[in-house]
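The values are calculated or read from the model by the stated rules, or taken from the named source; none is laboratory data. These numbers were taken from a predicted model, which means no experiment stands behind them. Neighbour counts run over all protein chains shown; Cβ positions are idealised from the backbone, glycine included. Ligands, DNA and RNA are excluded from the accessible area calculation, which covers all protein heavy atoms including side chains. Shrake-Rupley method; radii C 1.70, N 1.55, O 1.52, S 1.80 Å.
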Amino acid sequence: MPNYIINKNKDVKGHNEVHTTTCNHLPESENRVSLGYFNNAKDAVKYAKTNGWYSADGCYYCCSEAHTG
């Protein structure tokens with residue numbers, strides 16, 4: 001089961017990207033917030049949105065099934 005983090009900083013489209021901890025495109029460590037372990041990226045993004053990260057979106061590279069733009 002993958003471990004997920006969210007980037008504290010928004011990207012150019014205004015999203016806080018959710019990544020697996022093994023992604024090659026992780027933000028700097030000081031910009032990461034742990035979300036925990038989930039079965040899939042959609043569950044991790046859903047969790048992030050229900051916990052205050054309303055602009056959460058999946059990373060294009062590691063969470064493509066939850067990436068909306």
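What is the percent carbon and sulfur in the accessible area of the chain, measuring with a 1.4 Å probe over the protein chains and ignoring ligands? Before the final figure, lay out the partial values.
Working: 1960 of 4250 Å².
The computed percentage sits at 46.
Work out how much length Lys49 to Ser34 would gain on full extension: take 0.36 nm times their residue separation and subtract the Cα-Cα distance, in nm to one decimal. Show your work: numbers first, answer last.
Values: separation 15, 0.36 × 15 = 5.40 nm, distance 1.35 nm.
Full extension from Lys49 to Ser34 adds 4.0 nm.
Across 10 Å bins from the origin, how do the percents of Cα pairs in the chain run, short distances first?
Final binned percentages: 25, 64, 11.
In whole Hz, what ³J(HN,Hα) sequence does the range 38-49 give by Karplus (6.51, -1.76, 1.60; θ = phi - 60°), x for Gly and Pro?
Coupling constants for the range 38-49: 9, 5, 7, 5, 4, 5, 5, 5, 4, 4, 4, 5 Hz.
About the Cα centre of the chain, what is the dipole size in debye to 20, counting +1 per Lys and Arg Cβ and -1 per Asp and Glu Cβ, all else neutral?
Values: 7 positive and 7 negative charges, 35 e Å.
Dipole of the chain, to the nearest 20 debye: 160 debye.
Say the dipole of the chain comes from +1 at the beta carbon of Lys and Arg and -1 at that of Asp and Glu; which of Asn24, Ala66, Met1 then lies farthest toward its positive end?
After comparing all options, I get Ala66.
Quote the relative contact order of the chain in percent (integer), defining contacts as alpha-carbon pairs under 8 Å separated by 6+ residues. It would help to have the intermediate numbers written out before the result.
Numbers: 128 pairs, mean separation 24.4, N = 69.
Normalised by residue count, the contact order of the chain is 35 percent.
I want the antiparallel fraction of DSSP beta bridges within the chain, as a percent rounded to 5.
Working: 8 of 11 bridges.
Restricted to the chain, the bridges split so that about 75 percent are antiparallel.
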